[in-house]
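Single-structure report; data block below.
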Amino acid sequence: MVKMTLEDRILQRVTGSLDLLVRLGESYEGLFPSMIEPRSQTMLAVAPTPIPGQRGGDRSYCGSNLMHDEATLLTMYGLAEMLQRPDYAIAADRYLKRFATHCADTPSGLFPWGEHSYWDLARGCIGDSRWHHEPTRRGQAIHDHLRAAPVWLWDKLAGFNPDCLVRFAEGLDNHWTTGEPLEYIRHAFIEVRKRHPQGARSCDFPRHGGFFIVDWACALRATGRLDFLEQIQRMLDYWWPRRDARDLLLIESRTPADDAHFHGTNAPAQTLSLAVSLLEAAPLLASDQVELAATMRERAAVYIEGFLRAPHDLDAGVFVILSKSHDNSVHQQMPIWGSVYGVWPASYVALTCLLGYRQTGDERLLAWACAVGRRYRSEPIPEGVQAPAMDAGLGLGLLADLYDVTGDDDWLRAARQLAVSLLDTYYPGVSGDTASLPVGASGIDWYESQMGPGFLLHALARTALLSGGAGPSPFAADYTAR
């Protein structure tokens, strides 16, 4: 009897999970349910109690959320090629075609995906996470990007329904608010074409501006429409004069002075996120937009300098997500394990650093990512911490990507060791060739896409393929968490 290698064991777990998701999706025109009971392998009709740090208004009740599933779909496309499993590509295409042709035709053009909205599988309509807490609420579903929509995803969606990309790009106008001066908000109405009125806070997070620029750049590339070009220019100029003396950006441009958490608070990680989005969008511009692309790259370089000037202490393991503008002091650090709403795991930003390194060759970004990687190499999940699968997937994905970038075998060894631990933690009680889904967080007993199991599936598969000698980048890293 041939002993199963670690690579085989990892891939068996990943493909078993994907097979279950595909089979469940057959009941929902190819879409994957967000909350699943692993033993019965059915969609949960009643949501379990949220884990610490999880908000009820962010969950996809009896529904499907494409933004949650993006990394899972990327894994399916990668394995379709690497394992000669064309059925995975067929299933992923079916999911995206269903979404593009059935779920994207909203009054605003904005998609039911992301942080507060989704596609309701039980009712066959736009799902509103807040409706479950406010039963009288109707027609108020909110668009929030949550994470970056990668270019490959836009290409796929537009291939199935070109109009959905155009209407989405038009609908992003809902993120600008009414009133003066010019301001945007990370939330927008989905079920009506109407801008939000300006509120007490601007809630115009820098990273969302970067997400929108990439979206508009994809639409501009597809259509050549000048209004999308104007939107890009408007957003590009929005944050530039709002830099502080260190070239860092506030978490939001306007906050009441009595809000001690947000007022005067910089967001180094979001400053970096905006930078890499600008670098991702610049190559999408046409040949007659050379000056604009150059400006995007120049400003991205300045924002990267700002991120690096934040009060991180790499040797001490201090990775700063928020800092105070007046003295550049640490306001909030990122944990290695156990992220909660608003506080990402350090791997989230370390992977963004690796994307920035791939884009610019800046060795300081690589050093930042390596410092975080060393923590994942040495620190297991603490006892009693319900670490979301996102933490596990991004931590493992970081180690795998550090190996892919540097070729240093120490990173691959660390990734393999961590993968063994994560299989035991996120597939509790599963043995042999039994197909199962990963739990959404350590210490719980259900799958939930909002907790980020797609990142775990992607990182496990990438680690196995790198370990198996498949060569560099057997399939793409995922940098949407930024």
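Brief remarks follow.
- L279 vs. criteria among the hydrophobic types (A, V, I, L, M, F, W, C), over 24 Å from C370 (Cβ atoms) and open to solvent by less than 40 Å² (accessible area, probe 1.4 Å): no
- Within segment 77-181, helices (runs of 4 or more DSSP H) holding 1 or more residues that are within 22 Å of Q54 (Cα to Cα): none
- Candidates R167, R94, R137: the one that is basic (K, R) and free of Cβ contacts under 8 Å to residues at least 24 places away in the same chain is R137.
- Segment 420-447 - residue that is more than 19 Å from T42 (Cα to Cα) and within 21 Å of the chain's Cα centre (by Cα) and, of those, surrounded by the fewest Cβ atoms within 10 Å (Cβ to Cβ): S442
- Check on D144, under 21 Å from the mean Cα position of the chain (by Cα) and open to solvent by 10 Å² or more (accessible area, probe 1.4 Å): no
- Note on segment 19-43: among residues that are hydroxyl-bearing (S, T, Y) and surrounded by fewer than 21 Cβ atoms within 10 Å (Cβ to Cβ), the one that is nearest to L73 (Cα to Cα) is Y28.
Quick grid of which residues meet (1) more than 26 Å from T434 (Cα to Cα); (2) at pLDDT 95 or above:
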| position | (1), (2) |
| --- | --- |
| P50 | yes, yes |
| Q54 | yes, yes |
| T72 | no, yes |
| Y77 | no, yes |
| M82 | no, no |
| A89 | no, yes |
| R94 | no, yes |
| G109 | yes, yes |
| E115 | yes, yes |
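- Contacts under 6 angstrom Cβ, first residue in segment 97-111 being farther than 17 Å from A141 by Cα, partner in a loop (DSSP other than H, G, I, E, B), 6 or more apart: R98/E29; R98/G30; R98/L31; A100/N161; T101/N161
- For Y479, the conditions (1) within 22 Å of A80 (Cβ to Cβ); (2) surrounded by fewer than 19 Cβ atoms within 10 Å (Cβ to Cβ); (3) not basic (K, R) are fulfilled apart from (2).
- Considering segment 167-199, and only residues there that are buried (at least 22 other Cβ atoms within 10 Å of the Cβ) and of a type in the set (V, I, T), the residue that is farthest from S108 (Cα to Cα) turns out to be I185.
The values are calculated or read from the model by the stated rules, or taken from the named source; none is laboratory data. Computed from a predicted structure; not experimentally measured. Positions of Cβ are backbone-derived with ideal geometry, glycine not excepted, and every protein chain shown enters the neighbour counts. For the accessible areas, the whole protein counts, side chains as well, though only heavy atoms, and no ligand, DNA or RNA atoms are used. Shrake-Rupley method; radii C 1.70, N 1.55, O 1.52, S 1.80 Å.
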